[in-house]
Amino acid sequence: MDPRLRAFVDGDEAAFEALFREYQREVYGWIVRLVRDPSAAEELTIETFWRIHRGRARFDASRSFGAWARRVAINVAIDHLARVGRDKARLAPIEEAGVAAAPERDGEARRSILRAFVNLPATLRVTAHLALVEERPYQEIAELVGVSPAAVKSRVFRATRLLRQELAEWRQPR
Amino acid sequence: MTDREWQSRIKQAVDAEPFPELAHDLWPRMQARLATRHPAPSVWDLLLLAAIVVIAVAFPDMLLNILYHL
């Protein structure tokens, strides 16, 4: 067992600081890919560690801190996306990052898919991101999100169906 | 378009560009958050609490009056 994790569970602030410094970039990376907003991702990284700090007594120090942090981060991201709703979903990063370099029709297609994707309900969006973009197994997603593998499969199916419906117009030959 | 092709397009669209890495240390903001949520009681708070305890012990009848004015 990592003595630092034992110290963290026992309330050692220095151990918490060490874990924060080691994992902050990783946690930020997970969150920013889900919420697509670097500024919000910073705040949500802090919220993630706040929840970790608050719930440290429940952490089993013999298990992986990273896996626990990831579960907390995903829940924080889902809460955030549900709160801000579709109106505040950010498209700026994709527009800044040079979709224009792609052929015009391809760029338009990407933007349409991305717009439809960020408009998905929060739980579907995060589950679909983990399954379709990160290509993680359903069992792993189930453990991360806290639902059964069957529920993950159902969410991915619903997300794909919603995306297909929303993009039906784009998919028609022009 | 098959499901596989469709999912590949979604991945390409959503994962088209990398986001910048965290550029600075968030620990100072984390410390501020921890301090905000666990404010230490000030000296004046402690003095007020001590005064109330003393009055409650010395003059129990005044306790109701104090509670009324709080």
How large is Rg/Rh for chain B, to two decimals, with Cα atoms and a Kirkwood Rh?
-> 1.59
Taking the Cα centre of chain B as origin, sum charge times position over the Cβ atoms of Lys and Arg (+1) and Asp and Glu (-1), and report the length of that vector in debye to the nearest 20.
-> 40
Gain in span if fully extended, residue A:61 to residue A:9, counting 0.36 nm per residue against the direct Cα distance = 18.0 nm
Residue B:61-residue A:153 pseudo-label distance in nm [points 7 Å out on the Cα-to-Cβ vector] | 7.8
Ellipsoid equivalent to region A:1-84 - semi-axes via the Cα gyration tensor, in Å = 24, 12, 10
Can you give the Rg to Rh ratio of the protein assembly as shown, both from alpha-carbon atoms, with Rh computed by the Kirkwood formula?
-> 1.16
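None of the figures in this text is laboratory data; all of them are computed from the coordinates on show. These numbers were taken from a predicted model, which means no experiment stands behind them. Positions of Cβ are backbone-derived with ideal geometry, glycine not excepted, and every protein chain shown enters the neighbour counts.
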